[in-house]
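The values are calculated or read from the model by the stated rules, or taken from the named source; none is laboratory data. Quick caveat: nothing in here was measured; it's all calculated off a predicted structure. Please note: Cβ atoms are built from the backbone with ideal geometry, for glycine as well, and neighbour counts cover all protein chains shown. Just the protein is used for accessible areas: all its heavy atoms, side chains included, with ligands, DNA and RNA removed. Shrake-Rupley method; radii C 1.70, N 1.55, O 1.52, S 1.80 Å.
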Amino acid sequence: PDEVKNESSAKLTTTNNAALPTDDFFHLKVRVCLECNSCGYSRSKDELYRHLSIEVGNDNENDVWTVEQGLKQFFHSEKRDVKCEKCDDGKTATQTIEIISCPKAL
């Protein structure tokens, strides 16, 4: 039974780490950064996005919301409520997202 469990978990790990066929052409690599608003300490993590959810169409005031505006909003910096790892005063951080590599195809 233990051997079966080990084989099953190895298969799951291999499957989860396998790249999808679409990853070569349609993924976006970004760096997400959090900077403490109190002490300035920052930490970042690179992430792979296979899709972006952006707002397009008309807003509440019936103004047209373009793809460009949706992308600007998606990548706009945001204030987050998080505790700083380095200081006791840090209760908020600013999150920024920057593009590291673009997809080969859109």
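What is the Å³ per residue value for the convex hull set by the Cα atoms of region 32-91? Before the final figure, lay out the partial values.
On the way: hull volume 6.6 nm³, N = 60.
It comes to 111 Å³ per residue, whole-number rounded.
Return one whole number: the accessible area per residue of region 36-106 in Å², for a 1.4 Å probe.
On the way: 5680 Å² over 71 residues.
Ligands and nucleic acids excluded, the figure is 80 Å² per residue.
How far is it, in nm, from the label point at V56 to the one at N37 when both lie 7 Å from their Cα along the line to the Cβ?
Inter-label distance under the simple model: 3.3 nm.
Express the relative contact order of region 36-106 as a whole percentage, based on alpha carbon pairs under 8 Å and six or more residues apart in sequence. Numbers along the way, then the final one.
Numbers: 76 pairs, mean separation 23.7, N = 71.
In percent, rounded to a whole number, it is 33.
Output the pairs from K45/K86; K29/K83; K29/K91; K45/K104; K29/K86 with a Cα-Cα distance over 20 Å in this structure; if there are none, say none. List each step's numbers first, then the result.
On the way: K45/K86 17 Å; K29/K83 26 Å; K29/K91 28 Å; K45/K104 22 Å; K29/K86 27 Å.
Over 20 Å Cα-Cα: K29/K83; K29/K91; K45/K104; K29/K86.
Take peptides 46-59, 82-95 and line them up by average Cβ neighbours within 10 Å, highest first, as a rough protection proxy.
Working: 46-59: 11.2, 82-95: 14.1.
Peptide ranking by packing, descending: 82-95, 46-59.
Search the structure for amide H atoms under 5 Å from the amide H of G90, placed 1.01 Å from N in the peptide plane, and list their residues when 5 or more places away or on another chain.
HN-HN under 5 Å from G90: C84.
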